[in-house]
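Notes follow the structure.
The values are calculated or read from the model by the stated rules, or taken from the named source; none is laboratory data. What you are looking at is a predicted structure, and each value in this text was computed from that prediction instead of being measured. Every residue, glycine as well, gets a Cβ built from its backbone with ideal geometry; the counts of neighbours run over all protein chains shown.
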Amino acid sequence: MKNLIFITLAASLFLFSCEKNDSMDDDVIIGSMAPQVYWELGSSTVQSGDSVPFSAQYYTTGESPLDHLEVWYNVSEQKSKTVSCSWVSSFTYSYTSTTTEEKRIDQKVSSYSHNENYWLASLRAYTFNAKFPTSNTLSAVSWSYPETFDSTKMVKYFGKDYMQHFKDSLYTLMKPVDFQSMF
């Protein structure tokens, strides 16, 4: 009985290790193989309208020859707002909110022709460096340490209820010394 279990175990290991009888490959991979791409961006942040430098490495195991590469991206706007009060002395208080909103869905922004001269034998991949443009319609807005307070701008930038919520939250935390220093 012991020999039968050992022979069965050895036979099953042999079946799973054979490349011709790779049941995982036969059952898991469905359809055509897509090219494999690895890329690094030169910077994770750029000014609106500037180009983003990148380096790419790619190869394919599929049958079809490579024709071109494309860069697609979406545009997400992240708003991070912080209001602080420097007039209180017994504690430090700031109110922060962060929201992210997708402004544009994925779209093609650039295309690059494939060239056999990009092949680098040491990496066993095609490599090249290029740039792609960014949208110039969305630019950063900053409103830091204004000299004079503008309630209209405050409501436009932060929303209608933001100021009242900040005041109510601050009021509940203030101590008598803070009220005196504010007066």
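Of all residues in segment 137-161 being of a type in the set (Val, Ile, Thr) and in a loop (DSSP other than H, G, I, E, B), which is surrounded by the most Cβ atoms within 10 Å (Cβ to Cβ)? Explain how you work it out, then say what you get.
Initial filter on segment 137-161 (of a type in the set (Val, Ile, Thr)): 137, 141, 148, 152, 155.
If we keep only those that are in a loop (DSSP other than H, G, I, E, B) as well, we get 137, 141, 148.
Details: 137: 10, 141: 7, 148: 4.
Of everything passing the filter in segment 137-161, 137 is surrounded by the most Cβ atoms within 10 Å (Cβ to Cβ).
Can you name the residue in segment 109-136 that is closer than 13 Å to residue 66 by Cα and aromatic (Phe, Trp, Tyr) and is also surrounded by the most Cβ atoms within 10 Å (Cβ to Cβ) among such residues?
That would be 126.
If I ask for residues that are of a type in the set (A, V, I, L, M) and over 18 Å from residue 35 (Cα atoms), which ones from segment 98-136 would you list? Spell out how you get there, then give the answer.
Of all residues in segment 98-136, those of a type in the set (A, V, I, L, M) come to 105, 109, 120-121, 123, 125, 130.
Those that are of a type in the set (A, V, I, L, M) and over 18 Å from residue 35 (Cα atoms): 105, 109, 130.
Tell me, yes or no, whether segment 67-87 has at least one residue that is touching a Gly at 6+ places or on another chain (Cβ under 9 Å) and more than 30 Å from residue 166 (Cα to Cα).
no
Please enumerate the residues belonging to segment 117-157 that are at positive phi and of a type in the set (Asp, Glu). Talk me through it step by step, then tell me what you get.
Of segment 117-157, the ones at positive phi are 124, 145.
If the condition is that a residue be at positive phi and of a type in the set (Asp, Glu), then no residue fits.
Only one of 135, 139, 181 is more than 30 Å from residue 40 (Cα to Cα), at pLDDT below 85 and among the small types (Gly, Ala, Ser). Can you tell me which? Working first, answer last.
Values: 135 fails: more than 30 Å from residue 40 (Cα to Cα); 139 fails: more than 30 Å from residue 40 (Cα to Cα).
Answer to the check: 181.
Name the pairs whose Cβ atoms lie under 9 Å apart, with the first residue in segment 106-117 and more than 22 Å from residue 76 (Cα to Cα), the second of a type in the set (Gly, Ala, Ser) and modelled with pLDDT under 90, and 6 or more positions between them or separate chains?
If the second residue must be of a type in the set (Gly, Ala, Ser) and modelled with pLDDT under 90, no pairs are left.
Considering 19, 63, which residue is loosely packed, with under 10 Cβ neighbours inside 10 Å, assigned by TED's automatic domain parsing to the domain that holds residue 122 and at pLDDT below 85? Walk me through how you get there before you give the answer.
Numbers: 19 fails: assigned by TED's automatic domain parsing to the domain that holds residue 122.
Being loosely packed, with under 10 Cβ neighbours inside 10 Å, assigned by TED's automatic domain parsing to the domain that holds residue 122 and at pLDDT below 85 holds for just one of 19, 63, which is 63.
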